[in-house]
Structures are given as C-alpha cells and as structure tokens.
Amino acid sequence: MTTNRLILIIATSFSLLVNIPRIIFLFGSEGPVMNSLLEVSVEDTIFRIVMLFGFSYIVLKFNLLWLQKLRVKHRVWAYLGLNLLILLVWVLSFTLVNDLIYSFNDYSINPRLNAFVYFFVMVMLLIISRAILLNNQSKLDVIEKERLKQQSLQNELAALRNQVNPHFLFNSLNSLSLLVREDQKAAGKFINKLSFLYRYILQSKDQDLVTVKEELKFLESYVHLIKERYRDNFNVNIHINDALLQKKLPTLALQLLMENAVKHNEISNDKPLYVDVFDEGGWLVIKNKLQKRTGHIESTNTGLSNLNTRFKLQMDKNIEILKDDTHFSVKIPLV
C-alpha cells in the first residue's frame with residue numbers, strides 16, 4: 001500500500017470516527033432529550049467531517065512526506081513547531097468559517113472544545129505517523145541489509161569465477177610442463193580442457209544459474225585436469241538421469257564441491273579417492289569416502305556455507321550436508 005493511499009484511509013477514518021456521535025444523533029435518535037444533548041444538522045455534520053478530514057490529511061502528509069524534504073537545524077523543535085502552527089491555523093480557520101456560517105443559528109461549537117478535539121486528533125496522528133515511519137525505516141533497513149548481503153555474495157562469486165583456485169592453476173601448469181616433455185598429444189588435450197575451463201568461467205560470469213548439462217561439461221574438464229596430477233588415484237563416477245540435464249543450479253557449484261573433496265582428503269596409491277556424482281529424488285548428490293590428509297586441519301566449512309547462501313538467495317532452497325564415520329556427501333537442489 002502506497003503512503004498516499006494510507007494517508008487517505010487514515011484521514012477518512014478519523015474524520016468519521018470523531019463525528020460518529022453526530023451521525024448517530026442525526027440519523028438514529030430523535031426526541032427532546034437527544035436534541036438537548038447535541039444540536040446537529042446534515043450541513044453541520046458534513047462541514048465538520050470535511051474540515052477534520054482536511055486537517056488529518058495535511059498533518060499526515062506533512063509528517064510522512066513533506067517533513068522528510070525539509071533540511072532544517074534542530075529538527076525535533078522544527079517538527080513540533082510546524083505541527084503546532086498547522087493546528088493553530090486550522091483551528092482559527094475552522095472558527096472563522098463556523099462563525100460565518102452559523103452566526104444566526106445554534107450550531108456553533110465552543111472554541112475551547114473545538115481546539116481540544118483538534119489537539120487530541122493531532123496527537124493521535126503524530127503517534128500514528130511516527131509508528132508508520134519507524135515501520136518503513138525497519139523495512140528499508142531489512143532491504144538494505146539484504147542488498148548488501150547479495151552484493152557481498154556477488155563479489156565472492158565474481159572472485160571465484162575469476163580465479164577458481166590459484167593453487168589449482170599452479171598445479172595444472174606443473175602438470176602441463178611434464179606433459180609437454182612426455183606426451184605432446186596429451187598436452188594438447190590438457191591445454192584445450194584448461195582453455196575451456198577458463199572460457200566457461202568468463203562466459204558465465206553474468207549468469208546466476210546454468211543447466212546441469214552445462215555444469216557437467218565444465219566439471220568434465222575440471223576433473224580431467226585433476227586426473228593428470230593424480231592419475232588413477234583419483235576417479236569420478238557420474239550417473240545422472242537425462243531428464244535432469246535441463247534443470248538448473250548456481251554456476252560452479254559442482255566444481256566447488258569437487259574441489260572440496262580433493263582439498264580435504266588424502267589421494268595416494270594406498271588411498272585412491274573415489275567421488276560419486278548421482279541424482280536422488282530430483283537432487284544431485286556428490287559423495288566421497290572420508291580419508292583425511294595427514295596433518296589435516298579441521299575445515300571451517302566456509303566454502304559450503306557460502307555455497308548454501310548462494311542457493312538460498314538464487315533458488316530459495318538449502319543444500320543438505322550429510323556426514324558419518326566413513327562418508328561425506330552434499331545434496332544440492334535443482335530448479
């Protein structure tokens with residue numbers, strides 16, 4: 001609901017609520033007792049409703065919209081002074097018009113009572129205005145925090161896309177150096193995979209989501225480069241239903257999970273690492289056997305936490321992390 005519409009609703013409500021006794025006496029009750037308690041007429045009632053509506057509208061408009069545009073010192077005193085000025089001008093205007101219209105009948109109102117009614121209404125309107133402003137500010141703070149959170153996430157994602165991992169690039173270049181001397185055909189294939197990997201990162205930098213098919217093609221190149229370093233000690237088994245290939249997920253999600261498995265597990269002749277990538281109930285699962293590296297430092301799970309934040313913001317879903325004594329797996333949702 002817009003602020004202007006809210007102002008109209010509140011102003012209308014106050015103008016009617018304050019004049020309910022007159023409306024009741026005018027249309028619902030007759031007799032000498034009621035007439036002696038409150039003298040009313042249709043014209044008088046309409047006049048008071050219109051005047052109170054105008055007062056409520058201006059006070060609300062001033063406090064919710066116009067006051068924000070004023071650049072004055074001592075804002076609180078200016079706020080109170082200007083509101084009292086509106087009250088004074090409106091009460092005087094009401095009295096002058098009321099005396100002019102009803103100078104020859106009995107419908108004129110006591111000036112003190114009239115001033116009290118308008119003062120009371122103004123106090124209530126100021127309280128309501130303050131509550132609305134605080135509520136709006138609270139919403140703006142939430143929106144700003146969310147914007148900063150998303151901006152931070154985008155910066156992290158951009159950094160990931162632009163680097164993948166410096167250690168990975170360093171190790172890839174070392175592997176390439178050996179291949180160039182030992183097997184030029186394999187070296188050529190290695191260069192093509194490495195080129196595709198970084199080209200994919202650059203091309204997808206402005207995309208939040210990519211298809212499973214695209215991500216698997218990227219993962220294939222990434223795995224090929226890792227296998228050149230670990231050879232048969234690193235194996236990845238991928239079994240995904242073709243029906244899920246056009247589903248989407250955040251870019252580089254599978255690469256991050258594969259990198260996580262390589263980073264935190266020992267890979268050797270005695271302990272080859274096997275990573276399974278498969279679908280389960282419409283989710284993708286990346287699972288590997290736990291075989292911690294010697295001198296392994298306990299993970300802070302920062303990478304997984306950031307990945308989960310990306311899924312939450314981009315897909316409104318969370319990843320699931322499952323760990324037991326022998327295996328570690330991550331389930332990621334698709335859209």
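The values are calculated or read from the model by the stated rules, or taken from the named source; none is laboratory data. Being a predicted model, the structure only gives us computed values, none of them experimental. Here the Cβ positions follow ideal geometry from the backbone for every residue, glycine too, while neighbour counts run over all protein chains shown.
Details
- Of the candidates Asp232, Asp270, the single residue that is over 18 Å from Tyr222 (Cα atoms) and out of contact with any Ser or Thr (no Cβ under 9 Å at 6 or more places or on another chain) is Asp270.
- Residues that are of a type outside the set (S, T, N, Q) and touching a residue at least 60 places away in the same chain (Cβ under 8 Å) were ranked within the stretch 139-153; the one that is surrounded by the most Cβ atoms within 10 Å (Cβ to Cβ) is Leu153.
- Taking each residue of the stretch 259-283 that is on the phi > 0 side of the Ramachandran plot and looking for partners that are in a loop (DSSP other than H, G, I, E, B) and at pLDDT 90 or above with beta-carbon atoms closer than 7 Å, six or more apart or interchain, yields Gly282/Leu334.
- Residue selection: Thr309 fails the criterion of being modelled with pLDDT under 85, of a type in the set (Ser, Thr, Tyr) and over 18 Å from Pro333 (Cβ atoms).
- Remark: pairs (first residue in the stretch 115-136, free of Cβ contacts under 8 Å to residues at least 60 places away in the same chain; second residue surrounded by 18 or more Cβ atoms within 10 Å (Cβ to Cβ); Cβ separation under 7 Å; 6+ apart in sequence or on different chains) = Ala115/Val91; Phe119/Leu87.
- Hits in the stretch 309-325 - residues which are in contact with a helix residue (DSSP H, G or I) (Cβ under 8 Å, 6 or more places away or on another chain) and among the charged types (D, E, K, R): Arg310, Lys317
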